[in-house]
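Chemist: Next up is a structure, given as structure tokens.
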Amino acid sequence: MLTLPSDREEFRGFPAYFEAEIAPYLKAKEDARQIAVMHSALIAIAGAVIAGAALILGPFGEANFQVGFILGALAAAAAIWRLNRTRGDITHGLLQRVCEKLGYDYRGAIGRPDYSAIYDRLKLFPGYNREHWEDEVRGERADAAFVFCEAHLKYKSSGKNSSTRTVFHGQLLVIDYHKQFLGETVVRRDAGLLNRFGKPGKDFKQVGIVSPKFEKIFEAWSTDQVEARELLDPLVLERFEELDRLFNGAKIRAAFTGGKLYLALETGDKLNMGSMFTPLMGPARVETILKEFDLIFDLIDVLVKRIDHRIDGAFSVDAIRG
């Protein structure tokens with residue numbers, strides 16, 4: 001029996017839906033999973049044998065070690081590619097079915113989304129020249145339209161000793177805010193002495209915030225100081241502090257611009273089906289995905305949900321749920 005992460009209205013009827021729609025899909029994909037694991041293992045074994053033969057038989061002279069290493073690396077990459085191709089297919093089908101029940105639109109494989117240009121322009125990402133985007137979900141919550149996706153951005157250096165490193169791996173969220181903006185305001189994790197190099201643009205100036213707790217965690221920049229101080233009122237500051245706690249300091253960065261709130265969190269790959277080395281049947285994989293959606297609902301509620309009741313103490317997710 002499927003266990004729900006919370007009693008949210010969105011999850012009502014999900015156990016029956018799982019049995020009727022998702023469980024049969026997972027059962028039908030089990031053969032594909034097993035075949036992918038077998039093919040991946042055979043590719044890895046064949047590569048290891050060929051690489052070992054190159055080292056032992058020595059047909060390439062002084063280059064034996066280099067050739068053997070390259071052949072082994074190519075085989076490992078091919079094995080991982082074979083596994084990930086099937087993983088992606090199964091994951092996208094699973095998320096499609098979950099989002100249909102939640103009432104959201106889902107796209108698995110996407111190119112660079114148009115809203116990423118705002119993140120680039122306001123320097124919410126470090127520089128990158130390799131990119132992968134996937135799992136875009138569109139819907140509405142708390143009377144606000146939203147879209148989120150996952151991004152894996154890398155930077156590959158040039159030259160003889162080039163290397164590739166991940167500069168961002170996580171989720172982007174764009175949500176309609178209940179207010180229009182005259183300027184632009186950016187909030188990022190505090191970088192200490194490096195703050196001076198994080199200026200979003202030539203028209204931005206740092207915003208002095210009266211909350212010592214907020215300033216220990218974040219820094220704020222804006223093109224309109226008056227609007228920024230009104231926008232970052234005590235309740236909004238507490239919302240960001242709660243986000244930092246909720247996502248365990250996931251290098252949160254945000255921008256208020258054009259009537260929307262742009263948020264980026266370095267959470268890694270969250271919306272996925274899990275291991276390819278265990279059977280697909282059973283509710284565990286779907287329970288994990290629903291927990292991630294439950295956390296995303298918390299995120300959106302913390303950002304924009306209006307509060308109609310009195311809050312005792314500091315702002316929190318529990319206060320919103322109450």
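Chemist: Compare the Cα positions of VAL147, LEU232, ALA254 along the charge dipole of the chain (+1 at Cβ of Lys, Arg; -1 at Cβ of Asp, Glu; about the Cα centre) and return the one farthest towards the positive end.
Modeler: ALA254
Chemist: Taking only C-alpha pairs under 8 Å that are 6+ residues apart, what is the relative contact order of region 71-146 in percent?
Modeler: Working: 48 pairs, mean separation 22.9, N = 76.
Computed over region 71-146, the figure is 30 percent.
Chemist: Compute from the Cα atoms of region 250-306 the Rg and the Dmax, the latter being the longest Cα-Cα distance, and quote both in angstrom.
Modeler: When restricted to Cα atoms, region 250-306 yields Rg and Dmax of 15.1, 46 Å.
Chemist: Suppose we take every Cα in the chain and form the convex hull; what volume per residue is that in Å³?
Modeler: Considering the Cα atoms of the chain, their hull volume per residue is 161 Å³.
Chemist: Sticking with this one: Just grab the label-to-label distance for GLN206 and GLU30, each label 7 Å out from Cα along the Cβ direction, in nm (one decimal).
Modeler: 5.9 nm
Chemist: Which whole-number percent gives the relative contact order of the chain, counting Cα pairs below 8 Å spaced six or more residues apart? Numbers along the way, then the final one.
Modeler: Values: 474 pairs, mean separation 57.5, N = 322.
Dividing the mean separation by the residue count of the chain yields 18 percent.
Chemist: Could you work out the mean projected area of the convex hull around the alpha carbons of region 134-225, in square nanometres to one decimal? Mind dumping the intermediate values first?
Modeler: On the way: hull surface 36.5 nm².
For region 134-225, averaging the hull's shadow over all directions gives 9.1 nm².
Chemist: Do any of LYS179/LYS251; LYS179/LYS260; LYS123/LYS251 go past 19 Å between their Cα atoms, and which? Can you show the working numbers first?
Modeler: Working: LYS179/LYS251 25 Å; LYS179/LYS260 8 Å; LYS123/LYS251 14 Å.
Check vs 19 Å cut-off fails for LYS179/LYS251.
Chemist: Determine the principal axes of the Cα atoms in region 104-173, then give the extent along each, sorted from largest to smallest and rounded to whole angstroms.
Modeler: Principal-axis extents of region 104-173 (Cα, largest first): 52, 25, 16 Å.
Chemist: Here is a further query. With +1 assigned to the C-beta of every Lys and Arg and -1 to the C-beta of every Asp and Glu, and no other charges, what is the dipole magnitude of region 80-152 about the Cα centre in debye, to the nearest 20? Show your work: numbers first, answer last.
Modeler: Details: 12 positive and 12 negative charges, 60 e Å.
Roughly 280 debye, rounded to the nearest 20.
Chemist: Another question, then. Could you tell me the largest-minus-smallest coordinate of the C-alpha atoms of region 16-129 on each of the three principal axes, in descending order and whole angstroms?
Modeler: If we take the Cα atoms of region 16-129, the spans are 62, 45, 14 Å.
Chemist: Considering the dipole of the chain built from charges on the beta carbon (Lys and Arg +1, Asp and Glu -1) around the Cα centre, which of LEU42, SER157, GLN66 is farthest to its positive end?
Modeler: Of the candidates, GLN66 comes out farthest on the positive side.
Chemist: Hey, what's the chain come to in accessible area per residue, 1.4 Å probe, Å²?
Modeler: Values: 16790 Å² over 322 residues.
Accessible area per residue, the chain: 52 Å².
Chemist: In Å, what Rg and Dmax follow from the Cα atoms of region 67-135?
Modeler: Rg then Dmax for region 67-135, in Å: 17.1, 52.
The values are calculated or read from the model by the stated rules, or taken from the named source; none is laboratory data. Here the structure is a predicted model, which is why all the values come from computation and not from measurement. Neighbour counts are summed over all protein chains in view; Cβ atoms, including those assigned to glycine, are modelled from backbone coordinates with ideal geometry. Only protein heavy atoms, including side chains, enter the accessible area calculation; ligands, DNA and RNA are left aside. Shrake-Rupley method; radii C 1.70, N 1.55, O 1.52, S 1.80 Å.
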